[in-house]
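Contents: one structure, followed by commentary.
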Amino acid sequence: MGFTGRNLIFQVVWYLSGSILITASNTKPNFVLLLADDLGIGDIGCYGNTTIRTPNIDKLANDGVILTQHLAAAPVCTPSRAAFMTGRYPLRSGMDSCDGARNLKWLGASGGLPHNETTFASILQKQGYSTGLIGTFEFWFLCLTCRPAGLLKIDAPFRAQLKLVTQIMAFAVMTLVIVKYSNMIPINGNVIFYIALFTILFFITWYLKYGFVQYWSCIIMRNHEIIEQPMKVERTSSQIMRETLQFIDRNKNSPFLLIVSFLHVHTPLVTTKAFTGKSKHGPYGDNVEEMDFMVGSVVNAIDNAGLKNNTMIYFASDHGGHLEVQDGIFQTGGWNGIYRGGKGMAGWEGGIRVPGIFRWPGIIPSNAQIDEPTSLMDIYPTVVNLGGGELPNDRVIDGRSLMPLLTKKSPHSEHEFLFHYCGTHLHAVRWHQKESGAIWKAHFVTPNFYPEGSVGCYDIVICACEGDHVTHHNLPLLFDLSADPSESNPLDPHVDPQYKAVLNRIKRAVAEHQETISMVPLQLSFLNNLWKPWLQPCCGTFPFCWCDKEDSNVTEILG
């Protein structure tokens, strides 16, 4: 059983210790994939930061390969991680949306990764791998729900939708009452009663859901058992580390795939006492430095188990840093270095350019840098091929194996074009013109920043994808990223002789790409995102959902 299916939605500690008994010697490589949440590319030392201490991540880069143009397939968590696990643009699986809900809001939602999607974990299991997912994945676990205050602010667009639907329903009831008692049209009073009752129940359901979110949506599961509800966020990082180290020790004699998805550095920034107040950048810097310690602990566990030369370790972030999140006057989101924009912005580099680091001694070089465009979707074919599996041949796989690049057998990425979606809308396209070495990017749609002069959407916290919140460019903005990585100076369409030729080539690529897109059910639609009590996991008797089956001393691992 792989990381697929709605029965696996929202699990914070989920591991599959191997349904297949392994009798052969461990000749296949192990994979340890470390994924940060909302980490800006400018937040770690090997990408230029000089004030936040990240010695373990920096050493990982020094011992391996650092990717300077590593890109997320989406600028928010759920679609980005769906693309990571499937090797496909999230639009292909319906794991993206624009209607105010670009992620799943509840455990009791009916949306999720479709059953017909095949993750790389499920393929490797068939090759004899033990597989484990430890941490948070937005289409399995929504870490924002652990702090209602943070969720209410960021979730304002979806709550506004719920409020609007409630108001429309209430208006309909009032209209029916007026029509009935004015004798304009004969209407059965029972019909009005049941519609009014449904409206009241609808309002109570979503309104109370926000009030009880901490108890209903903030849980820890091991396999299919709820072991903590609500989760105690102050000890979750230590729990993640304990599960990780135990998984490595338990599976060190057989091939394994381990994904560790950190809570860090998504708000709320919950940091253990050992790292609180230690950095120069307040709670955010503390959280980054704690994550760096955790990365070092995982790497040390691999090395101490004698698995160093047979394990590919990968570190990345799911998208860019979140510029708009603040605690009063203090910034609590990340920094994206020289790159414009941040989380939620599918076109601007700051939303999609992320750290990408590989280490595999003896197989890939050390202290090396690759400046070619690569994608989180590339992990899919890379891992599948190395693990002895075969890519599905009944669907489009957008990722490309990274091994030719990582082993220096090929000087160029296999990606000629990469398409940058915001929800279901194509905002920008990147063209790697290999013969010249230039990397062009055309912006067809850009978010409207607020306040004027800022580089963010501070009015709505996360930039939107459509409507009045964006600008459509009849003459797309065109940048030469090779010369202008911060996207400061677009080419003049009326003066620059390259503008028309480059844009025409990009438009042809867009037309070819769109022919490969099929309509599928949107998993993040309004109806799929509504909370449904019958789908709500509960440790106890609903609505009284709470339990704690964990060791209370677990905080000692990081504390």
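The values are calculated or read from the model by the stated rules, or taken from the named source; none is laboratory data. All of these numbers come straight from a predicted model, not from anything done at the bench. Because the Cβ atoms are built from the backbone with ideal geometry, glycine has one as well, and the counts that use them run over all protein chains shown. Remember, those area values only see protein heavy atoms, side chains included, never the ligands or the DNA or RNA. Shrake-Rupley method; radii C 1.70, N 1.55, O 1.52, S 1.80 Å.
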With the first residue restricted to segment 25-50 and required to be without any contact (Cβ under 8 Å) to a residue 40 or more places away in the chain, and the second required to be part of a helix (DSSP H, G or I) and charged (D, E, K, R), Cβ contacts under 6 Å at 6 or more apart or on different chains are 45/58
Listed by first then second residue, the pairs whose first member lies in segment 103-117 and is free of Cβ contacts under 8 Å to residues at least 40 places away in the same chain, whose partner is β-branched (Val, Ile, Thr) and part of a loop (DSSP other than H, G, I, E, B), with beta carbons under 9 Å and at least 6 positions apart or on separate chains, are 116/4
The residue that is nearest to the chain's Cα centre (by Cα), considering only those in segment 427-448 that are more than 18 Å from residue 487 (Cα to Cα) and of a type outside the set (Ser, Thr, Tyr), is 434
Note on segment 263-301: residues among the aliphatic types (A, V, I, L, M) and surrounded by fewer than 18 Cβ atoms within 10 Å (Cβ to Cβ) are 274
Could you say whether any residue in segment 178-198 is open to solvent by 60 Å² or more (accessible area, probe 1.4 Å) and closer than 25 Å to residue 105 by Cβ?
yes
Quick count over segment 312-336, residues being open to solvent by 10 Å² or more (accessible area, probe 1.4 Å), touching a residue at least 60 places away in the same chain (Cβ under 8 Å) and farther than 30 Å from residue 490 by Cα, is 1
Within segment 302-311, restricting to residues that are open to solvent by less than 60 Å² (accessible area, probe 1.4 Å) and in a loop (DSSP other than H, G, I, E, B), the one that is farthest from residue 239 (Cα to Cα) is 307
Counting only residues in segment 496-547 that are hydroxyl-bearing (Ser, Thr, Tyr) and out of contact with any Lys or Arg (no Cβ under 9 Å at 6 or more places or on another chain), the one farthest from residue 108 (Cα to Cα) is identified as 499
Selection from segment 337-360 of residues open to solvent by 10 Å² or more (accessible area, probe 1.4 Å) and in contact with a Lys or Arg (Cβ under 6 Å, 6 or more places away or on another chain) yields 339, 348
Residue count, segment 239-262, condition open to solvent by 30 Å² or more (accessible area, probe 1.4 Å), in a loop (DSSP other than H, G, I, E, B) and not basic (Lys, Arg), comes to 1
Original post:
Is it true that some residue in segment 424-432 is surrounded by fewer than 17 Cβ atoms within 10 Å (Cβ to Cβ) and out of contact with any strand residue (DSSP E or B) (no Cβ under 8 Å at 6 or more places or on another chain)?
Top reply: no
If we keep only residues of segment 511-537 that are farther than 30 Å from residue 89 by Cβ and either among the aromatic types (Phe, Trp, Tyr) or open to solvent by 40 Å² or more (accessible area, probe 1.4 Å) (or both), then the residue modelled with the lowest pLDDT is 533
Over segment 464-500, the set of residues open to solvent by 50 Å² or more (accessible area, probe 1.4 Å) and closer than 28 Å to residue 70 by Cβ is 466, 469, 471, 482, 483, 488, 489, 490, 498
Apart from one, (1) surrounded by fewer than 24 Cβ atoms within 10 Å (Cβ to Cβ); (2) at pLDDT 95 or above all hold for residue 148; the odd one out is (2)
Restricted to segment 483-512 and to residues being within 30 Å of the chain's Cα centre (by Cα) and part of a loop (DSSP other than H, G, I, E, B), the residue farthest from residue 446 (Cα to Cα) is 483
